[in-house]
1. Per the Debye formula with a single identical scatterer at each Cα and no solvent contribution, what log10 I(q)/I(0) holds for segment 186-259 at q = 0.18 Å⁻¹?
2. Could you give the C-alpha radius of gyration of segment 145-224 expressed as a fraction of 2.2 N^0.38 Å, taking N as the number of residues it contains?
3. What Kirkwood hydrodynamic radius do you get for segment 100-163 when you take the inverse of the mean 1/r over all pairs of distinct Cα atoms, in Å?
4. So for segment 196-412, what percent of the C-alpha to C-alpha distances run longer than 32 Å?
5. Where the eigenvalues come from the Cα gyration tensor of segment 308-432, what are the semi-axes √(5λ) of the equivalent ellipsoid, largest first, in whole Å?
6. Is the C-alpha gyration tensor of segment 260-378 telling us rounded, prolate or oblate? Criteria: a/c under 1.5 is rounded; beyond that, a/b larger than b/c is prolate, otherwise oblate.
7. Could you please tell me the mean projected area of the C-alpha convex hull for segment 340-404, averaged over all directions and given in square nanometres to one decimal?
8. Using the count of nearby Cβ atoms within 10 Å as a rough guide to exposure, how do 257, 95 rank from fewest to most?
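Rule-based calculations on the coordinates, nothing more; no lab input. For clarity, every value in this text was computed on a predicted model and none was experimentally measured. All Cβ positions, glycine included, derive from the backbone under ideal geometry; neighbour counts span all protein chains shown.
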C-alpha cells in the first residue's frame, strides 16, 4: 500500500449496508445518459451514513445519490442497445473534444481512509466519466464518495467491485477517452447487426464480458458469470438454438484437444487417462488400453476418448446442447474456482456457466416432466439423462466490448481477442475446435 503523505485522520463516510454490484446509472458529463457495465449478478445496495459528510456537507450527499450503479436487469443485447450506444458515442465525442480525462498517477493501492495527492487526480478522472459528482473534486481524501465512484467504475469495466484502487483498475482508468470512443464506434457496427429480430426469450453469451444472460421480454432475468475461450483458443461467434440438456454427460474429447493436450499429457504422465476416468475406443467402438497407443506419434487422433460422467467430468453435471459447426457447448465445471477471477478466459472454446442449474430450470420451463424437482433428481441419479426442450431457445454468442444498455450506462470490456482493431491483431473467431 502507498504511504499516505499526511497521517492526519481522514473524515470519511462509512456504509451502512454493502452488497456487491448492480443498480442503474446516468452519466453526469454533459448531462447525457451513458456509463457502463455490471461486474456481478447481484445488486449493490449502498446506504451512506447521514452522520458525517466529510468536507462536502449535506448538499453533496444528496447529489451523490444520483450517481447509480448499472441496472442488473438491463440486457447487454436488446433492440435498445444500439440506440443507447449511439448516444454514448456522442457523449464520448464530447469528452474527447474537451480534452478527455486526466491520467491518474501510478500508486500501489488506495482505499477508504487513505489520504494521498493522487486522490485529487482520481476525483477529476471519475468526474469526467460520470462516476463521481462534479462537486466532489479537489480533495485528497479517499472517502466514501471516492470509494463509491471507484466501485461504479469497476462495475462498468467488468472488474471485481471492491472500491479499492489497485493496478488493474488503474490501468483501465488510464485508457484514453479517444480509445474508449473509438471502441464504441467499432461496436456499434456489431450491435446494429446483432440487436434485431431477437424475439421475446433468448440467451446471450458476451464473450469479452465472460457473462451469460437469460433475457425475457426485454429483461435480463438471470445473469451468470462464465469462463470462455482463452486467446489462443477463442470462443466463436454463434447464432443457434438451445435444443437439449444433458444431465451427467459423457465428454467426448475433440480431436484438437487430443492433439494439443492429451498427447503431451500422456507423454509426461502415462497414467493420466486412467486417473481422470477417460476411456479409449477404437473405430469398432471397442475399448483399448492406453498402453496400446503410440503417444509419440499421431496414432492417438484415430481413437475416440470419452470421459465418464461424475463430479470430476470436464463438463460437470450438465451440458447445454445446440447445433454448431464448432463442437462447443455451454456446461457446468468441477473447477468452480475459475469463476472467481477478473480474467475468465481459460477454456478451449466452450462456455462454462456458474450456477448453470438455475439457467437450465429457466430453459426447461414449460417442458413437461422437467420441473426443478425433476432436474434435481436427474442430477443426483448419476445416470446420463437427456431432456429435449419443448421449444428451442435462441442462443447468441457475441463479441461486444463496448455498449450502453437500456439503463443508459456505458460499459467496456477488454478486447481479449484483439478483434476491435485498436491494438493487437485480431485472432479469428471462427477457429474450429
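1. These q points yield log10 I(q)/I(0) values of -1.00.
2. Compared with the compact-globule rule of thumb, segment 145-224 sits at 1.33.
3. One over the average 1/r among Cα pairs gives 11.5 Å for segment 100-163.
4. Here the long-distance tail beyond 32 Å is 22 percent of all Cα pairs in segment 196-412.
5. Result for segment 308-432: semi-axes of 30, 18, 15 Å.
6. Prolate.
7. Average projection, Cα convex hull of segment 340-404: 6.8 nm².
8. Starting with the residue having the fewest Cβ neighbours, the order is 257, 95.
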